Amino acid sequence: MRVLVTGGAGFIGSHITTALVAAGHRAVVIDALLPSAHPAGTAPEGPYERLIVADVRDPGAVAGALAGVDAVCHQAAMVGLGKDFADAPLYVGCNDLGTAVLLAGMAAAGVRDLVLAGSMVVYGEGRYDCPRHGSVRPGPRARQDLEAGRFEPRCPSCGADLVPGLVPEDAPADPRNVYAASKLAQEHLAAAWARATDGRAVSLRYHNVYGPGMPRDTPYAGVASLFRSALARGEAPRVFEDGGQRRDFVHVTDVAAAAVAALTALPQRVPGALTAYNTGSGEPHTIGEMAAALASAYGGPPPVVTGEFRLGDVRHVTADSRRLRADLGWLPQVAFADGMREFAAAPQRGGASAPPGGARLADA
């Protein structure tokens, strides 16, 4: 296949491009090289057939990029919570308008196969079980509870402590911030495109992706990148709340392999629909555990638990990725401890160097 990878010069997109070419496909990349993802303002070298520096909101550029393409892997997006609500127009513009322009271009060009970079943030809070009421869905956490250090959601019916679990793909969506709302809108747009054009679409709902090439020193990055950036500055990672937030940290090469598997399987899918797949390692860890593992591997100061919070954050969200494993035969290959050791030694995009002893860590 010749695959158009939007955002293909970015962190995840560049790994997908490399994995596609390694699997015998050809990759065309369109990327706006946004400063939030490319602090140095330049694109890394890659095995792509062609790099188009343009925004997916530009219909003409999209039409040119789609020429001769068999499928699209849509990774271009603004990610993270950003700085404050003033970023809302940027998120909606990049993520939703950009997706709409891309899908319209695909409809016109007759390209009918799409893999979308989805996100587990569409679920809001994850799955919880109450001893009395079974599976429950707690509402957004109140500011006064967070200020008092009461971080765990309670049963909305009886106030009992809840036990977090794994979220299946058929759980109701409940986005809790602008980024999450924009990612859910992308799925709705892609589903509408599939119905209107007899297209075949897959949304890979990524968990917390980490690994080599994450951007350095930007608020528009994942928590792993923020912690790694702090360590590169000689600072302790600052862990919000009490560090007990559960997440699933999945290595970027495993995510790239999932994208290639999804693209390869698209021609066999029933047209006219979008299928969502949770894409995680299946090995949940707390943010505090991740910060400690990364700091230890880097040889930097241990993390500091600050008690700070952000209203847009959720407490626990880890999803069940069995559907992806069963349907596409995908299995994550990078264990948490191994991935953190590698990430600690790897350079970040924007100039971060390996830590003292980095070669030793890489060889461990």
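The values are calculated or read from the model by the stated rules, or taken from the named source; none is laboratory data. Every value quoted in this text rests on a predicted model; they were computed, and no experiment measured them. For neighbour counting, all protein chains shown are included, and Cβ atoms are generated from backbone atoms with ideal geometry for every residue, glycine included. Protein only, heavy atoms only, side chains kept; ligands, DNA and RNA dropped before computing areas. Shrake-Rupley method; radii C 1.70, N 1.55, O 1.52, S 1.80 Å.
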Q: Among the numbered conditions (1) free of Cβ contacts under 8 Å to residues at least 60 places away in the same chain; (2) in contact with an Asp or Glu (Cβ under 6 Å, 6 or more places away or on another chain), tell me where residue 337 comes up short.
A: (2)
**Q.** Index of the failed condition, residue 43 passing every other in (1) surrounded by fewer than 20 Cβ atoms within 10 Å (Cβ to Cβ); (2) at pLDDT below 95; (3) touching a helix residue (DSSP H, G or I) at 6+ places or on another chain (Cβ under 6 Å)
**A.** (3)
Q: Filter the stretch 105-146 down to the residues that are over 24 Å from the mean Cα position of the chain (by Cα) and hydrophobic (A, V, I, L, M, F, W, C), then identify the one that is nearest to residue 161 (Cα to Cα).
A: 130
Q) Can you find a residue in the stretch 282-297 that is crowded, with 22+ Cβ neighbours inside 10 Å, part of a strand (DSSP E or B) and β-branched (Val, Ile, Thr)? A) no
Q) Looking at the stretch 1-41, which of its residues are of a type in the set (S, T, N, Q) and under 17 Å from residue 78 (Cα atoms)? A) 6, 14, 36
Q: Could you look through the stretch 167-189, keep only residues that are open to solvent by 40 Å² or more (accessible area, probe 1.4 Å) and in contact with a Pro (Cβ under 8 Å, 6 or more places away or on another chain), and pick out the one that is nearest to residue 91 (Cα to Cα)?
A: 181
Q) Taking the stretch 136-162, which residues are charged (D, E, K, R) and surrounded by fewer than 14 Cβ atoms within 10 Å (Cβ to Cβ)? A) 143, 147, 150, 161
Q. How many residues are touching a helix residue (DSSP H, G or I) at 6+ places or on another chain (Cβ under 7 Å), open to solvent by less than 10 Å² (accessible area, probe 1.4 Å) and in a loop (DSSP other than H, G, I, E, B) if we restrict to the stretch 8-36?
A. 1
Q | Unmet requirement for residue 52, which otherwise passes all of (1) of a type outside the set (Phe, Trp, Tyr); (2) in a strand (DSSP E or B); (3) open to solvent by less than 10 Å² (accessible area, probe 1.4 Å) | A | (3)
Q: Enumerate the pairs (first residue in the stretch 133-159 and on the phi > 0 side of the Ramachandran plot; second residue anywhere and of a type outside the set (D, E, K, R)) with beta-carbon separation below 9 Å, excluding pairs fewer than 6 apart on the same chain, so at least 6 apart or on different chains.
A: 149/307
Q) Can you name the number of the only condition in (1) over 20 Å from residue 7 (Cα atoms); (2) assigned to a loop (DSSP other than H, G, I, E, B); (3) open to solvent by 30 Å² or more (accessible area, probe 1.4 Å) that residue 217 fails? A) (1)
**Q.** In the stretch 190-214, the residues that are in a helix (DSSP H, G or I), open to solvent by 10 Å² or more (accessible area, probe 1.4 Å) and small (Gly, Ala, Ser)
**A.** 191, 192, 196
